[in-house]
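The values are calculated or read from the model by the stated rules, or taken from the named source; none is laboratory data. The structure presented is a predicted model; accordingly, all values stated were derived computationally and were not measured. Cβ placement follows ideal geometry from the backbone for every residue including glycine, while neighbour counts extend to all protein chains displayed. For accessibility, only protein heavy atoms count, side chains too; no ligands or nucleic acids. Shrake-Rupley method; radii C 1.70, N 1.55, O 1.52, S 1.80 Å.
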2 protein chains.
Amino acid sequence: MPETSSPTGPAETAGRPLAPERREDQVPAPSPRRVIVIGGVAAGMSAATRLRRLEESARITVLERGDHVSFANCGLPYYVGGVITERDSLLLQTPASLAARFNLDVRVRTEALSIDRAARTVRVRSTAADGTPTEEDLPYDALVLAPGARPVLPPVPGIERALSLRSVADADALLAAVATGGPDGGPARSAVVLGAGFIGLEVAENLHRRKLSVTLVELADQVLPPLDPEMAAPVAARLREAGIEVRTGTSLSRVEAHEAVLTDGTRLPADLVVVAVGVRPDTALAAEAGLEVDERGGVVVDDEQRTSDPRIWAAGDAALKRSALDGEPTLIALAQPANRHGRVVADSILGRRPQAAPGIGTAIVGVLGLEVAMTGWSEKRARAAGLDVVVVHTHPADHATYYPGSASMSLKLVLEAGSGRILGAQGLGEAGVDKRIDVVATAIRAGLNGPDLADLELAYAPQYGAAKDPVIMLGLVADNVLSGLTPTIQWHELAQARQAGGVLVDVRSTAEFARGHIPGALNVPVDELRERLAELPRDRPLIMSCQVGARGHLAVRLALQHGLQAANLDGGYRTWSAAHGPGVLGPEQGEDRA
Amino acid sequence: MPETSSPTGPAETAGRPLAPERREDQVPAPSPRRVIVIGGVAAGMSAATRLRRLEESARITVLERGDHVSFANCGLPYYVGGVITERDSLLLQTPASLAARFNLDVRVRTEALSIDRAARTVRVRSTAADGTPTEEDLPYDALVLAPGARPVLPPVPGIERALSLRSVADADALLAAVATGGPDGGPARSAVVLGAGFIGLEVAENLHRRKLSVTLVELADQVLPPLDPEMAAPVAARLREAGIEVRTGTSLSRVEAHEAVLTDGTRLPADLVVVAVGVRPDTALAAEAGLEVDERGGVVVDDEQRTSDPRIWAAGDAALKRSALDGEPTLIALAQPANRHGRVVADSILGRRPQAAPGIGTAIVGVLGLEVAMTGWSEKRARAAGLDVVVVHTHPADHATYYPGSASMSLKLVLEAGSGRILGAQGLGEAGVDKRIDVVATAIRAGLNGPDLADLELAYAPQYGAAKDPVIMLGLVADNVLSGLTPTIQWHELAQARQAGGVLVDVRSTAEFARGHIPGALNVPVDELRERLAELPRDRPLIMSCQVGARGHLAVRLALQHGLQAANLDGGYRTWSAAHGPGVLGPEQGEDRA
């Protein structure tokens, strides 16, 4: 065993912070260093394996309350749905494989009961396969808290009948309920999924795959509450088209046998109820040990992930992050920062002075053939923070429309007015959304402004994008709006602008106009606009509207230069109707708004 | 007509640069401003339409030598291959549509013969449908040169029989040759494609689709010469698997009827020969007019795309770009910068003081199910520039391997040693390569360093990526290498390192080792390494090698901490065998090298 090459006992360094004075390999460390990691999934296991790669001699013990470490929690809904057929494929590592490769002492079914910070010990209870519990105190030089989060359960009668989906055991239970949860002990036929966030959608889709009749219930007045409503509405439409019932603005009041009762009194058939309304940091242990915990429940850490106790670190869903948008503490329960911060913890324990990057919050969900993704702040989040924002909606094709198989997407870019700083982006469509959101997320991390996106050089061949890639187009439009070339108004500002005297001019073709338009709009096709300017009032502001915003931009430019007042309805009829109507995504002619 | 609202003649401003003193709408402009644009495809049409959006009153004339403006030149190979079935879908705009929407005077079959800079006129010759030519002098206040580039044709006997593919007319000719180019006047059965760059590969694939027997001939000793050889080798293997013959290190010496003769004497059946060895800026007009032209043939422009004559701008393939990598002039014949710089031209003509971003050079080709992409500089390009580089190869899956349908890719990151500045990246695989190269291209534009990639937050769900996304993993590995944690050696350094006494240790499992390994390697599986360290020499450097580099990293860390000398073979057996063997891309277990 490698530890025996340093056979001395642990150095006594009590009361002295481990890391601040120390840089790797320069200052004596306790030898062997005893590290306990509580939580063996993303953050915890990243910390443990990184630490091993950095320090062969450390004695690393990983405590996992559940049956499994390093399991693929993001795959659980797809295992429930039968997309992932092999349960074993969710189990990325085992205690044995981690012992062989990383010399880790991984203990499953082992719960940390309490932390004695003065003695630097953790009280743990292990449960043997036969159920026999044993308790002991484990000493540490460094302690890593990565306990994750627990699902939030509404405190309503019968909630103990409800299921959630955070662990392999949860997936097993959910699959069992699907198989035998029907009134007759046969297959379940109906399900209510509470919460239409990212996980709720995945659960709903996968129960739908299992042929259950699914109702999605969401307290907010839209699905995917982190998104802005006009970006979420097409997702609700897609769910309904597929036969998933969507009920927003309501919640669960009671779970009964084979029925769920909503706060609005509706009784829904529900052989099973799955709750996916969010998670809460699992920080009871930290709080009981007197570590600083935020009012939201997250463990307070510094930029090296160190808690208020210099010998204790925290990472993952349980730890607060710093927001890259406003620098404030925030909770981001995502796998990527969890893994990344676990690595930061290991570096920090060894005095490498890492800096955890502030959090942006980038997320994606695939549902019923739609990709829906976001990064950073939504428009409503930015406005709630008191920021003056500039918003751009576009509806580009994922690749050149002249090449077969292109699909339309909708993108939204949220900028800080004045500076043009990118605050966030959202996207949905059938293909290529992930790529565009990743590019914008990278731009946010790097501090690019909206117009800088116009200068990106992205890989273009007609199968993959466009010479004016959707992200480049966002940058071009952002430049036009920020520079004042083209005033725009948002879909939610239209009614007020018209009440104030604005005249809505639909500049699409007469055929497009006939297929559907915003009530009360005039129709003057852009190609006739130069000749028909005299038809438009010079004393009232014009609101130009087209299908996606491109022709509207041209119309605004034209009108302004002829002395009229004009603004472009951002995102055109597509964005307006997504917010107001069925929001069906259809193929769209690429247009040039640059 | 809108021009009549400003009925005065053009202001006389001869001899005074238009733009430097002027900002939009602040200084009187010639009214109406007369702008001539030579070239009606990407850069030229972007300039013309942007100019119209900015200035209704300008008189904008676009001269296009060919039959078509704004055609989809990147789609031509796919029209030849029958992937794009409608010829009309390549024609994005017509003179009539551009007149209606943008009030542009677009003249096709109209060639600019000469420029009289003193008189500020262009001599043009238009050819009517019946072939009748007419010549005239057109006056300008601002002139835009966007003539594009011409294919390079090797000066060999019979080259006039060869075809190329730059225009719709070229595609028509190539399709005619496919249909009737056989020895009997029937369908062609064989083709030689000269040049295995991006376009050459597209042409070869599409003629292969048309059931021709295709030989790809490339003067360099690899296909895709802009890539490094180990990244290009799997592409050659894929071409050969599909039945396309690949001959590198040779060229064309003669074109005969139904045969091509190579410089090495080989005679190849060739009912048709297509030349795609590159393009040369079409700058004869500029040079004859006395404008400054670089020795490479590109028109010299400033950061606003202005030539050495302040009334003349240039953009697109004919204009030099400034390299973002070293600030030197460079030629980049790609659609994205062409469109972007056309827009810069329009802004500059109006005194808006735009700044053209320096060029990175991001390109992608899809061939036989492979996506092959690059951005920035290759390793060989960087080394040729005298830079000390750090290189990272990885072989990640495009999405979580536990979710169905994941495919392996190979990525390469080229960094400047010391600074860690990202110089370039390359990738190939069956899915998701475009996204990763776009993210790195964005990082290059934004000035991120290699390790910064580890802190990106990218959209993760198991269908789309990994909690440690391939790009994030590049950043983690870059950090390990740059920080000195893990010394690496490249595949092309291995032989010398072994000659110098290095011992190659393959740390994969015995089963993997048995399936293929680098000759002469020892096999000590990483999971046995701690126990078997005594078997390894302490006085000679160890070169750890695994499948993709992940276990090798762990082995190096382990060995170093036990006092041995060790380096990791970057990219492992996969990169080594790609460079030395058939380079078949197969499914790969995701591994953690963070």
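Of note:
- Residue that is nearest to A:Gly501 (Cα to Cα) [pool: residues in segment A:531-554 that are buried (at least 17 other Cβ atoms within 10 Å of the Cβ) and either more than 39 Å from the chain's Cα centre (by Cα) or facing chain B (nearest Cβ under 10 Å) (or both)]: A:Pro541
- Among the residues of this structure, A:Ala232 counts as one that is crowded, with 22+ Cβ neighbours inside 10 Å and outside the structural domain of A:Tyr79 (by TED's automatic domain parsing).
- Some residue of segment B:386-407 being aliphatic (A, V, I, L, M), part of a helix (DSSP H, G or I) and either touching a strand residue (DSSP E or B) at 6+ places or on another chain (Cβ under 6 Å) or closer than 21 Å to B:Gly572 by Cβ (or both): no
- In the set (1) out of contact with any Phe, Trp or Tyr (no Cβ under 6 Å at 6 or more places or on another chain); (2) surrounded by fewer than 21 Cβ atoms within 10 Å (Cβ to Cβ), the condition left unmet by A:Gly571 is number (2).
- B:Ile518 part of a strand (DSSP E or B), more than 11 Å from chain A (Cβ to nearest Cβ), among the aliphatic types (A, V, I, L, M) and touching a strand residue (DSSP E or B) at 6+ places or on another chain (Cβ under 9 Å): no
- Residue tally, condition among the polar types (S, T, N, Q) and open to solvent by less than 20 Å² (accessible area, probe 1.4 Å), over segment A:393-408: 2
- Boolean, B:Ala511 is in the same structural domain as B:Lys380 (by TED's automatic domain parsing) and assigned to a helix (DSSP H, G or I): no
- Some residue of segment A:343-357 being under 30 Å from A:Ala204 (Cβ atoms) and either within 22 Å of the chain's Cα centre (by Cα) or at pLDDT below 95 (or both): no
- Among (1) within 14 Å of another protein chain (Cβ to nearest Cβ); (2) buried (at least 19 other Cβ atoms within 10 Å of the Cβ), the one test that B:Ala99 misses: (2)
- Enumerated strands (runs of 3 or more DSSP E) restricted to segment B:122-222, each holding at least 1 residues that are out of contact with any Asp or Glu (no Cβ under 6 Å at 6 or more places or on another chain), modelled with pLDDT of 95 or more and surrounded by fewer than 16 Cβ atoms within 10 Å (Cβ to Cβ): B:133-139
- Hits in segment A:30-67 (condition: away from every other protein chain (no Cβ under 13 Å) and open to solvent by 10 Å² or more (accessible area, probe 1.4 Å)): A:Arg34, A:Ile38, A:Arg59, A:Thr61, A:Glu64, A:Arg65, A:Gly66, A:Asp67
- Flag if B:Asp116 is surrounded by fewer than 16 Cβ atoms within 10 Å (Cβ to Cβ) and outside the structural domain of B:Thr263 (by TED's automatic domain parsing): yes
- All of A:Ala382, A:Ala314 fail the test of being away from every other protein chain (no Cβ under 12 Å), touching a strand residue (DSSP E or B) at 6+ places or on another chain (Cβ under 9 Å) and closer than 21 Å to A:Gly297 by Cα, apart from A:Ala314.
- Members of segment A:77-96 found to be open to solvent by less than 60 Å² (accessible area, probe 1.4 Å), assigned to a helix (DSSP H, G or I) and either at the interface with chain B (Cβ under 8 Å from one of its Cβ atoms) or closer than 27 Å to A:Lys211 by Cβ (or both), listed by number: A:Pro77, A:Tyr78, A:Tyr79, A:Val80, A:Ser89, A:Leu90
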